1. Taking region 97-149 as the search range and keeping residues that are of a type in the set (Ser, Thr, Tyr) and surrounded by 12 or more Cβ atoms within 10 Å (Cβ to Cβ), which one is farthest from Gly80 (Cα to Cα)?
2. Return the pairs, sorted by first residue and then second, in which the second residue is buried (at least 19 other Cβ atoms within 10 Å of the Cβ) and among the basic types (Lys, Arg), the first residue lies in region 106-129 and is without any contact (Cβ under 8 Å) to a residue 24 or more places away in the chain, the beta carbons are less than 9 Å apart, and the residues are 6+ apart or on different chains.
3. Which one of Ala74, Ala52, Ala66 is touching a residue at least 40 places away in the same chain (Cβ under 8 Å), among the small types (Gly, Ala, Ser), surrounded by 14 or more Cβ atoms within 10 Å (Cβ to Cβ) and in contact with a Pro (Cβ under 6 Å, 6 or more places away or on another chain)?
4. Would you check if Val109 is within 18 Å of Pro41 (Cβ to Cβ), in contact with a Gly (Cβ under 7 Å, 6 or more places away or on another chain) and of a type in the set (Val, Ile, Thr)?
Amino acid sequence: MNLTKSMFSMMIALGLLMPVAAVGCKGKGSDGGSQSDVKWPAQPADGTPLIAEFQALAGSGDRIEAKFRLYNFADKDVRGISMTLHYLDASGKELKDFPWSQSKGAGLVGKKGTADIKGGAFIPAETKSVTAELRSVDYADGTKWAIAN
């Protein structure tokens, strides 16, 4: 009987704590839902509306891809992005750069949201990390942000 009361008390306590935990979530995912594991970087001082943060490399041989988390600081949905990827070795020396763009008709990243993507091609086997230099952002409303040349 004590075990049953204990379990009931624990279920009540968890039920009361769940809404508190949900309130503490930061950021919105590309699907509009909260992502509690997302820690946002500082917004760029130069007005760049989106950051592509390198997460990891996946695959092997000719099928290596870079995983990125996108952070959209704009109050608009992002439909597409264009970047220059810089493939770096273990010492941080650039091995190669590569132009990369990605778009999604339904939206790549929601406004003030995050999304995880894969990108890159012809990534050298000795690559240990990848940096992304944002060139342009296409918004779902038809507007565009681009770096000044």
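Just so it is clear, none of the values below were taken in a lab; they were calculated from the coordinates. Source: prediction; values computed, not measured. Counting neighbours? That spans all protein chains shown, and the Cβs are built from the backbone with ideal geometry, glycine included.
1. Within region 97-149, the subset of a type in the set (Ser, Thr, Tyr) is 101, 103, 114, 127, 129, 131, 136, 139, 143.
In the following step, the residues that additionally are surrounded by 12 or more Cβ atoms within 10 Å (Cβ to Cβ) were identified as 101, 103, 114, 127, 129, 131, 136, 139.
On the way: Ser101: 7, Ser103: 4, Thr114: 13, Thr127: 25, Ser129: 23, Thr131: 18, Ser136: 8, Tyr139: 7 Å.
The extreme case among them is Thr127.
2. Filtered contacts from region 106-129: Ala106/Arg79.
3. Details: Ala52 fails: in contact with a Pro (Cβ under 6 Å, 6 or more places away or on another chain); Ala66 fails: in contact with a Pro (Cβ under 6 Å, 6 or more places away or on another chain).
Result of the check over Ala74, Ala52, Ala66: Ala74.
4. Numbers: within 18 Å of Pro41 (Cβ to Cβ): yes; in contact with a Gly (Cβ under 7 Å, 6 or more places away or on another chain): no; of a type in the set (Val, Ile, Thr): yes.
No.
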